[in-house]
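Structure record follows, encoded as structure tokens.
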Amino acid sequence: MKPERMNLSPALVAAAWIAWPLVHAGDGSMGSKEVVEPLEEPESRSICEWIEDSPGLLYESDENPYVQSWEIGGRFQYQVAYLDGRDVNGRSFHDTYDEFRRVRLDTEVEFLRFLKAELSVNLVDDRRFRDSYPFDLSWGYDTIDQLTLEVDFDKAFDLKFLDKLEFTYGKMRVAVGEESHQSSREILTIERSAIIDRIGGEEGRPTGGMLSAGRGDWELSLGVFSGDVSGEYLSGWNNGQFYYASLEWEPSKRWRFVFDQVMNDPDGIDLALGYAWASSLAGVYTGDRWGILVNGIYGDNGGIQEGHVRQRRQGDFWGCVVMPWYWLLEDKLQFVASYEYQASEELEGIRLDSRYVRARHQDVLVDVGRGRGDLSHKIYAGLNYYICGHRSKIMAGVSHTELRARRGDVRVMSYLMAYRGYF
């Protein structure tokens, strides 16, 4: 066990220097040639060093057989946006938004050597930009973002033939597409691409079970999820289910490839995905100064069974995302660009994300076709300034979005700034 280190302030060091001759007056030490070294002042820690040193770790012990660790965390994400665009009728519009994007409290407990429980709670509901009532900002408990229990079979049985074997059950995010595999704390653009956001599920966090196994450079995950998302905590299994598979190959530190497949149960009515099936194949290269992500997607919106009673929202859809980045200043200033393309065989087979083209506009006559169409292009360019790595960063970006909607074209320039922080 390491000895406890005392933190001595400069004032205490100065006081020791003053008190030394008084304490030793008359003992002959005043005239002594002995050199007395001042008390050493401890090294000061920056806020970045503090925040990167797991400040939320409340308890940790390898000797306690019941509870091994307890950690809390949180994230705060705020952003502003200005839009300049034209709607399907050629009507120009200008809108300004600000949003508390995420305020979340997380907690994680490892216990009984091989079990881990996680809980994430959303603490804000900002609906001021939404196109449906209520248009308000509410603080306090909103929803549960994640509620899971994980069993680590490798720790429990000391498996020799696998490097990883875990089973997780609960309310969780389904990662389809490379950007979805990245946490919102670490994505390089202010918002994920619209097509990636959509295939990850339109209606919150489904309940399900996931088995993940890994060996060497490979990792395979298989899951079954409920199509019901109505439960506040864990949902039931009375409204169908969907199936999930993800295969990752990481041959080196520079290269990573991911294939994701999600498929709705053909005999059930899915309320979580909003489509029949989707496939995603992504490759990521990460170099010393630059990197690039390339992701292709193909899927089927499904038909009436998936809730699309209108034929123009059925049929196949496809798209791609290309995202290069470059470090202008190592680990501090990063340039990011992104191009997103999505299309469908039906008139309303694709949709833009909710931020902010299809948001509520100040001019009530603006019509963007609810963000639905059959062809869309989006180009994004931005800068990320890392104050303390991903734990505290400022992001700025500009994007140009074009949508071919059923009744006309939509063109929008968006200017965005955001702060992302977590501990």
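By its C-alpha gyration tensor, with a ≥ b ≥ c as the square roots of the eigenvalues, how is segment 247-375 shaped: rounded for a/c under 1.5, else prolate for a/b larger than b/c, else oblate?
Oblate is the answer for segment 247-375, as a/c is 1.5 or above yet b/c matches or exceeds a/b.
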*Under 5 Å between amide H atoms, partner at least 5 residues away or on a different chain: which partners does Asp145 have, H built in plane at 1.01 Å?*
Ser120, Val121, Asn122
*Once you measure Cβ to Cβ distances between cysteines in the chain, which Cys have no partner under 4.7 Å?*
Cys320
*Using the Karplus equation 6.51 cos²θ - 1.76 cosθ + 1.60 (θ = phi - 60°), what ³J(HN,Hα) coupling, rounded to whole Hz, does each residue of segment 330-339 give in order, writing x for Gly and Pro?*
3, 6, 10, 10, 10, 9, 10, 10, 8, 10
_Which one, Tyr341, Asn122, Leu281, projects farthest toward the positive side of the charge dipole computed for the chain from Cβ point charges (K/R +1, D/E -1)?_
Tyr341
*Pick out, from Asn384, Ile187, Gly90, the residue whose Cα sits farthest towards the positive end of the charge dipole of the chain, with +1 on the Cβ of Lys and Arg and -1 on the Cβ of Asp and Glu.*
Gly90
*Among the aspartates and glutamates, select those whose C-alpha is under 19 Å from the C-alpha of Lys253, and discard any that sit fewer than 8 residues away in the same chain.*
Asp163, Glu178, Glu179, Glu186, Asp217, Glu219, Asp288, Glu330, Asp331
*Quick one: putting +1 on the C-beta of Lys and Arg, -1 on the C-beta of Asp and Glu, what dipole do you get for the chain around its Cα centre, in Debye to the nearest 20?*
1360
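Starting from the Cα gyration tensor of segment 75-192, take the square roots of the eigenvalues, sort them a ≥ b ≥ c, and report rounded, prolate or oblate (rounded when a/c is under 1.5, otherwise prolate if a/b is larger than b/c, else oblate).
Numbers: a/c = 3.54, a/b = 2.20, b/c = 1.61.
Taking the square roots of the gyration eigenvalues as a ≥ b ≥ c, segment 75-192 is prolate.
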*Would you mind computing, in nm to one decimal, how far apart the modelled labels at Asp136 and Arg113 are, each placed 7 Å from Cα along Cα→Cβ?*
5.2
*Could you run the Debye sum over the Cα atoms of the chain, one equal point scatterer each and no solvent, and tell me log10 of I(q)/I(0) at q = 0.08, 0.11 Å⁻¹, two decimals?*
-0.54, -0.94
*Relative contact order, percent, the chain [alpha-carbon distance under 8 Å, six or more residues apart]*: 13
*Radius of gyration and maximum dimension Dmax of segment 125-198, Cα, Å*: 18.0, 55
*Short version: ³J(HN,Hα) in whole Hz for each residue of segment 357-362, in order, from phi by Karplus 6.51 cos²θ - 1.76 cosθ + 1.60 (θ = phi - 60°), x for Gly and Pro, what are they?*
4, 9, 7, 6, 9, 5
*Relative contact order for segment 250-396 using alpha-carbon pairs under 8 Å, separation at least 6, rounded to a whole percent?*
17
*Amide H partners (placed H, <5 Å) of Val67, local residues excluded*: Leu112
_Cut-off under 5 Å, modelled amide H: who pairs with Thr207 long-range_ = Ser226, Ser235
*For segment 142-150, in order, what is each residue's ³J(HN,Hα) by Karplus, 6.51 cos²θ - 1.76 cosθ + 1.60 with θ = phi - 60°, in whole Hz (x at glycine and Pro)?*
10, 8, 8, 7, 8, 8, 9, 10, 10
*Dipole-positive endmost among Ser212, Ala418, Leu234 within segment 50-422 (Cβ charges, Cα centre)*: Ala418
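Rule-based calculations on the coordinates, nothing more; no lab input. This one's a predicted model, so the numbers in the text were calculated from it and none came from an experiment. Every residue, glycine as well, gets a Cβ built from its backbone with ideal geometry; the counts of neighbours run over all protein chains shown.
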